[in-house]
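Asker: Below you'll find the structure I mean.
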Amino acid sequence: MSLMSFLPRSGDLPPPDRTAFLLDFDGTLVEIAPTPESVKVQAGLLATLRRLRRKCGNAVAVISGRPIDQIDFFLGDVPYAVAGEHGIAIRRSPGAPIQRANLPAVPAAWLKQADELAAKYPGVRIERKKAAVVLHFRGAPDAGPALRHAAEAWVATDPRFHIQEAKMAWEIRPAGIDKGHAVRDLMAAAPFVGRYPVFIGDDVTDEDGIRAAVALGGMGFRIPRDFPDPAAVRAWLAALSGGGNDVWGV
Ligand SMILES: O=P(O)(O)OC[C@H]1O[C@H](O[C@H]2O[C@H](CO)[C@@H](O)[C@H](O)[C@H]2O)[C@H](O)[C@@H](O)[C@@H]1O
């Protein structure tokens, strides 16, 4: 497939000094892997993001469901800003303090039951975050409905929490903050403020970011609707980062 055949309306982008990139991580910049820790950052991605940052006056952020320290592990200080845990934690620039929304912790009883479910269904992984717990069933697909059933029973007792549908996973987390919040927060300050936001994601949680980018007058793209896969996103960003300022070289 040629580069041009999958480019989503790139000609509509304003020049680099007026555009900001807000990028999801799993399934967008990197391919989905069997476990959260086994994702591979493809050769060239870091160089592409560095070039894009230079070209766009630093207006490049990663907005992930992962905690910020995991994004740091995979991408270092390459993104200028990082939002983690679907917007609960935000770091506005490299080295800046992380700002966390004040949200309730997942009840200890739910965490205990989650561990019991993992023991009952080999292959199920429990990922704990500061304000959430993720029930991963990529290693045990048949356990998905039972895990969902348990999660629904939990949130039915406490309306402060909801279930975030994810890829082969159910995430139980506090309601009220989503990736749209992260987009609005980052876009309110330099170097993002006043720019045209371009959000790229692949999952249900990214729809909040896409809606927010569009509401701010920008664009949102979703894999596989607009790009076939993360390789296509990386190729597009690489072309933009290397192109001329007039038409972004693509
Ligand atoms: O918002 P994202 O950056 O897309 O993060 C979403 C979740 O990604 C991770 O889980 C997903 O990716 C794993 C690695 O490819 C995969 O094994 C798993 O099945 C997926 O659900 C991460 O573990 C979660 O914390 C993120 O919320």
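Asker: Filter region 72-88 down to the residues that are of a type in the set (A, V, I, L, M) and surrounded by 24 or more Cβ atoms within 10 Å (Cβ to Cβ), then identify the one that is farthest from the ligand (Cβ to nearest atom).
Answerer: Let us first name the residues in region 72-88 that are of a type in the set (A, V, I, L, M), namely 75, 78, 81-83, 88.
Those still in the list that are surrounded by 24 or more Cβ atoms within 10 Å (Cβ to Cβ) too: 81-83, 88.
On the way: Ala81: 14, Val82: 10, Ala83: 9, Ile88: 11 Å.
Of everything passing the filter in region 72-88, Ala81 is farthest from the ligand (Cβ to nearest atom).
Asker: Answer with yes or no whether Arg9 is at pLDDT 90 or above and away from the ligand (no atom under 12 Å from the Cβ).
Answerer: No; evaluated as a whole, the condition is false for this residue.
Asker: Can you work out which of the residues in region 19-69 that are more than 17 Å from His136 (Cα to Cα) and polar (S, T, N, Q) is nearest to the ligand (Cβ to nearest atom)?
Answerer: So, considering only residues that are more than 17 Å from His136 (Cα to Cα) and polar (S, T, N, Q), the one nearest to the ligand (Cβ to nearest atom) is Thr28.
Asker: Now for a separate question. Looking only at region 214-232, filter to residues that are in a helix (DSSP H, G or I) and in contact (Cβ under 8 Å) with a residue 40 or more places away in the chain; which one of those is farthest from the ligand (Cβ to nearest atom)?
Answerer: Ala232
Asker: Give region 151-164 a look and list any residue that's in contact (Cβ under 8 Å) with a residue 40 or more places away in the chain and more than 9 Å from the ligand (Cβ to nearest atom), or say none. Spell out how you get there, then give the answer.
Answerer: Residues of region 151-164 in contact (Cβ under 8 Å) with a residue 40 or more places away in the chain: 154, 158, 160-161, 164.
Selection gives Trp154, Asp158, Arg160, Phe161.
Asker: I would also like to ask the following. List the pairs whose first member sits in region 187-207 and is basic (Lys, Arg), whose second member is at pLDDT 95 or above and buried (at least 24 other Cβ atoms within 10 Å of the Cβ), and whose Cβ atoms are under 7 Å apart, counting only residues at least 6 apart or on separate chains?
Answerer: Qualifying pairs under 7 Å: Arg195/Ala20; Arg195/Ala59.
Asker: Just to be sure I understand, how many residues within region 167-195 are within 16 Å of the ligand (Cβ to nearest atom) and farther than 23 Å from Asn102 by Cα?
Answerer: Within region 167-195, residues that are within 16 Å of the ligand (Cβ to nearest atom) and farther than 23 Å from Asn102 by Cα number 3.
The values are calculated or read from the model by the stated rules, or taken from the named source; none is laboratory data. From a predicted model like this one, the values you see are computed outputs, not experimental measurements. Backbone-built Cβ (ideal geometry, glycine too); neighbour counts: all protein chains shown.
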